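Contents: one structure, followed by commentary.
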Amino acid sequence: MIISGKELSTQMKADMAVRVSGFPERFGRVPHLVVILVGDDPGSLSYVRGKSKACDVVGIRNTTICRPADLPETELLSLIRELNEDAGVDGILVQLPLPAHIDEAKVIGAIAQDKDVDGFHPLNVAALWQKQPCVRPCTPEGIIRMLKSAGVEIRGKRAVVVGRSNIVGLPVAKLLLDENATVTVAHSRTVDLAAVTRQAEILVVAVGRPKFVTADMVAPGAVVIDVGVNRDPETGRLCGDVDFESIEPKASFITPVPGGVGPMTIACLMENTIGCFLRHQA
Ligand code: GUN
């Protein structure tokens, strides 16, 4: 069974569009998301286009600010400060990765916590790990929503997350723990990775390497969530971190690339933007 993130995200966006259509009357305006893109990484460009299309569908005002790859860090920080102080801006997203000369942690920490639609600010990360109310990071939240929509019971399951990034691996491990899964986080230094992934009833892969997970690494009946967005070096086509063709017949559920986790990330970003907007109205 294929879990379609595209279908689920389309439904979420339609529901949000109805909510947002009532905002001008209730609040005098619609939510406003500002996306900052530094440089011209092709992957980032396509994500940013996807975000702006989704904003149009939902009725969220969106501004994309593009800056050259050699933008000095100080200028990026002062741009963020301006947006922090602008009462007409509800959400600020700095597209990652940033060019090497810019300190990512410093930039993320400079975003006002109440405008951090990614949930990457250290205070939001701390709140997540302490089970306090927080902005939940979009990709991990999208993954949990997909599992639930497919009717997958998470409680008590053995979940293996491959990848330990701040954006996906670590927070999705925490969200799975909060759903009462037993969670293992594996990574590039894990010894006998295949033996670990074969234990997984729920396998989440976020390593950024095309078709990294092969059929021999997956237990029959596993639920496989593929977070990767890569170019297949052989065909040039978009592919995930798991070898879809060989794993799909073996898995009970699997997410496709494209049309899986990606659209869910964007739908959750829309929800986070609406959440920040509503807190700004309170
Ligand atoms: N780059 C890849 N995924 C993300 C994301 O969810 N947020 C941001 N800001 N950058 C990303």
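Only the coordinates and a few stated rules stand behind these numbers; no lab work does. Quick caveat: nothing in here was measured; it's all calculated off a predicted structure. Backbone-built Cβ (ideal geometry, glycine too); neighbour counts: all protein chains shown.
To the nearest 0.05, what FRET efficiency results for ARG49 and ARG231 with a Förster distance of 22 Å applied to their C-beta separation?
Values: r = 17 Å, r/R0 = 0.76.
Result of the calculation: an efficiency of 0.85.
Order these by the 10 Å Cβ neighbour count, fewest first: MET270, MET12.
Working: MET270 28, MET12 23.
Taking fewest neighbouring Cβ atoms as first place, the list is MET12, MET270.
Taking H as built 1.01 Å from N, whose amide H comes closer than 5 Å to the amide H of ILE36, not counting residues under 5 places away?
When sequence neighbours closer than 5 places are left aside, the close amide H contacts are ILE65, LEU93, VAL94, GLN95.
Within straight cross-link reach of LYS6, meaning Cα distance under 16 Å, which aspartates and glutamates are found once same-chain residues fewer than 8 apart are removed?
Here the aspartates and glutamates satisfying the reach criterion relative to LYS6 are ASP15, GLU141, ASP226, GLU271.
Each residue of the range 17-25 in turn: what ³J(HN,Hα) in whole Hz from Karplus with 6.51, -1.76, 1.60 and θ = phi - 60°, glycine and Pro shown as x?
Couplings: 4, 5, 4, 5, 4, x, 5, x, 6 Hz.
Is there a pair in LYS13/LYS174; LYS51/LYS157; LYS115/LYS211; LYS106/LYS174; LYS53/LYS174 whose C-alpha atoms are over 28 Å apart, and which pairs would that be? Before the final figure, lay out the partial values.
Details: LYS13/LYS174 26 Å; LYS51/LYS157 33 Å; LYS115/LYS211 35 Å; LYS106/LYS174 23 Å; LYS53/LYS174 30 Å.
Listed pairs above 28 Å: LYS51/LYS157; LYS115/LYS211; LYS53/LYS174.
Relative to the present Cα-Cα distance, how much length would full extension add between THR182 and ARG198 at 0.36 nm per residue of separation?
Result for the pair: 4.3 nm of gain on full extension.
What is the set of long-range amide H partners of ALA251 at a cut-off below 5 Å, with H atoms built 1.01 Å from backbone N?
GLY221
Restrict the search to the range 96-143; then list the trypsin sites (Lys or Arg not before Pro) that DSSP places in a loop and that have at most 12 other Cβ atoms within 10 Å of their Cβ. Intermediate values should be presented prior to the final figure.
Values: sites: LYS106, LYS115, LYS131; in loops: LYS131.
For trypsin sites (Lys or Arg not before Pro) across the range 96-143 that sit outside H, G, I, E and B with at most 12 neighbouring Cβ atoms in 10 Å, the list reads LYS131.
Label points 7 Å out from Cα along the Cβ direction at ALA17 and ALA126: separation in nm?
Here the answer is 4.1 nm between the modelled labels.
Find the relative contact order for the chain and round it to a whole percent, using C-alpha pairs within less than 8 Å whose residues are 6+ positions apart.
Working: 535 pairs, mean separation 58.5, N = 282.
Over the chain, the number comes to 21 percent.
What cysteines in the chain have no other cysteine with a beta carbon less than 4.7 Å from their beta carbon?
CYS55, CYS66, CYS134, CYS239, CYS276
Taking amide H atoms as placed 1.01 Å from N in the peptide plane, list the residues 5 or more away in sequence, or in a different chain, whose amide H sits under 5 Å from that of LEU238.
ASP232
Once R0 is set to 25 Å, what does the formula 1/(1 + (r/R0)^6) return for the Cβ-Cβ distance between PHE27 and GLU82, expressed as a FRET efficiency to the nearest 0.05?
Numbers: r = 23 Å, r/R0 = 0.91.
E(calc), rounded to 0.05, equals 0.65.
Rounded to the nearest 10 degrees, what's the angle between the helix 138-149 long axis and the longest principal axis of the chain, both from Cα atoms, 0 to 90?
Result, in degrees: 50.
To the nearest 20 Debye, how big is the dipole of the chain about its Cα centre, given +1 on the beta carbon of each Lys and Arg and -1 on that of each Asp and Glu? Please list the in-between numbers first.
On the way: 30 positive and 33 negative charges, 122 e Å.
Approximately 580 debye in magnitude.
Work out from phi, with θ = phi - 60° and the Karplus expression 6.51 cos²θ - 1.76 cosθ + 1.60, the ³J(HN,Hα) of each residue of the range 177-193, listed in order in whole Hz, and give x for Gly and Pro.
3J(HN,Hα) across the range 177-193, in whole Hz: 4, 5, 8, 6, 7, 9, 10, 10, 9, 9, 7, 5, 9, 5, 7, 6, 3.
Could you give the size of the charge dipole of the range 220-282 about its Cα centre, using +1 on the Cβ of each K and R and -1 on the Cβ of each D and E, expressed in debye and rounded to the nearest 20? All intermediate terms of the calculation are to be shown ahead of the outcome.
Values: 4 positive and 8 negative charges, 65 e Å.
Approximately 320 debye in magnitude.
Quick one: Karplus J couplings for the range 220-228, per residue in order, coefficients 6.51, -1.76, 1.60, θ = phi - 60°, nearest Hz, x for Gly and Pro?
x, x, 5, 9, 10, 10, 9, 8, x
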